[in-house]
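Notes follow once the structure below has been shown.
The values are calculated or read from the model by the stated rules, or taken from the named source; none is laboratory data. This is a predicted model, so every value here is computed, not measured. Here the Cβ is made from the backbone with ideal geometry for all residues, glycine too, and neighbour counts use every protein chain on show.
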């Protein structure tokens, strides 16, 4: 049996399949590892059922690289699409990335790549320009499924690093959740808490709505603004209470 | 057979059914009973009236246990083909990883049918497909059938299965927890 030797031999979709496996769902170490073997060798599980348990152990030792992370740096170009540095992303792109990252970023990896890797041109002034965000990332996700995971995975740690720095820089906007308390809240605090919950539910929509001057037809203009500009503006509003 | 106060109870693998074998092992593993209670439960299960033990001296009781345990050596050769209700059920000489995984699940569930379900997984009806072998309803049906078979059928398999489960589970855990420091691309 031809076993992969490292992450370079596995595709992004194989990686996503692997990460979706939960050992506890199998109720058996053998059945779980049988499924792992089936995914990484792209073999029908039925063909592996009669494998001797000792042989399975040998294979698991050979597949030890699976317990490490793939390469952590983002690849510059995939399929002629260029990595758009996070510092350049627009407010709308950031909101979508936040959505993908808060809803299982491994499972959303191909959509995340579709959002982060873009066509690029050099304009008449000799400046590089990324294509505008006028597409649904899930429509392009398939472009990344068969790429090796070492090419696509780096976008995850890169974004998490960027996000962490952003949270630090704009601490006033991204305040940590207040710890829940068992104490009974007085009516005023309760109202505040309810408002907070409502804001959490409608968080980014509320921000866009406010920044668009409560004119929903201007929402696209707001989401097309550079993220850093929006955050600076929000910080100013917060500081000056305007 | 062993005689206890006029009751003849089975003790040899060829006399005990798989169901009885499972029940006796289930009683043995019951942590809520002490050793004497376990043996009384086993003898009761095999047909001896509980009142027999009421006035029994401990020495006599220990002798009964020794008599019951006085069994011929356990069978080691696997029977690879059995016929039940007109159908042939076949087992492979070595156990594969899928079967061992399914048996591991039964072992963890500790449902009191370990031997019967192990046989139901290992023996496959020769006229059925792979998918049909593992269908839950079919496994349940085979478990009921194998409960009635002599326990001599299961003992050679159980010895191998428990050995492999213990050894290879530990090896897998060792492989998984092995500390690897260098990143790999």
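Quick notes on this one:
- So residue B:19, is it outside any loop (DSSP other than H, G, I, E, B) and at pLDDT 95 or above: yes
- Set side by side, the residues B:103, B:158 differ, and just one is part of a helix (DSSP H, G or I) and either within 14 Å of chain A (Cβ to nearest Cβ) or touching a residue at least 60 places away in the same chain (Cβ under 8 Å) (or both), which is B:103.
- Any hit, segment B:135-146, residues being within 14 Å of chain A (Cβ to nearest Cβ), crowded, with 18+ Cβ neighbours inside 10 Å and outside any loop (DSSP other than H, G, I, E, B): no
- Matching residues in segment B:39-60 - criterion: being out of contact with any helix residue (DSSP H, G or I) (no Cβ under 6 Å at 6 or more places or on another chain), assigned to a helix (DSSP H, G or I) and either surrounded by 15 or more Cβ atoms within 10 Å (Cβ to Cβ) or at positive phi (or both): B:43, B:52
- Enumeration of residues in segment A:1-43 that are within 11 Å of chain B (Cβ to nearest Cβ), more than 28 Å from the chain's Cα centre (by Cα) and not in a helix (DSSP H, G or I): A:27, A:28
- Check on residue B:164, in contact (Cβ under 8 Å) with a residue 24 or more places away in the chain and either within 14 Å of another protein chain (Cβ to nearest Cβ) or part of a helix (DSSP H, G or I) (or both): yes
- Just so you know, in segment A:138-153 the residues that are under 9 Å from residue A:110 (Cα atoms) and buried (at least 21 other Cβ atoms within 10 Å of the Cβ) include one that is farthest from the chain's Cα centre (by Cα), and it is A:144.
- Filtered residues of segment A:74-109 (kept if out of contact with any strand residue (DSSP E or B) (no Cβ under 8 Å at 6 or more places or on another chain) and within 19 Å of residue A:9 (Cβ to Cβ)): A:106, A:109
- The set of residues in segment B:123-132 that are crowded, with 19+ Cβ neighbours inside 10 Å and within 14 Å of another protein chain (Cβ to nearest Cβ) contains only B:124.
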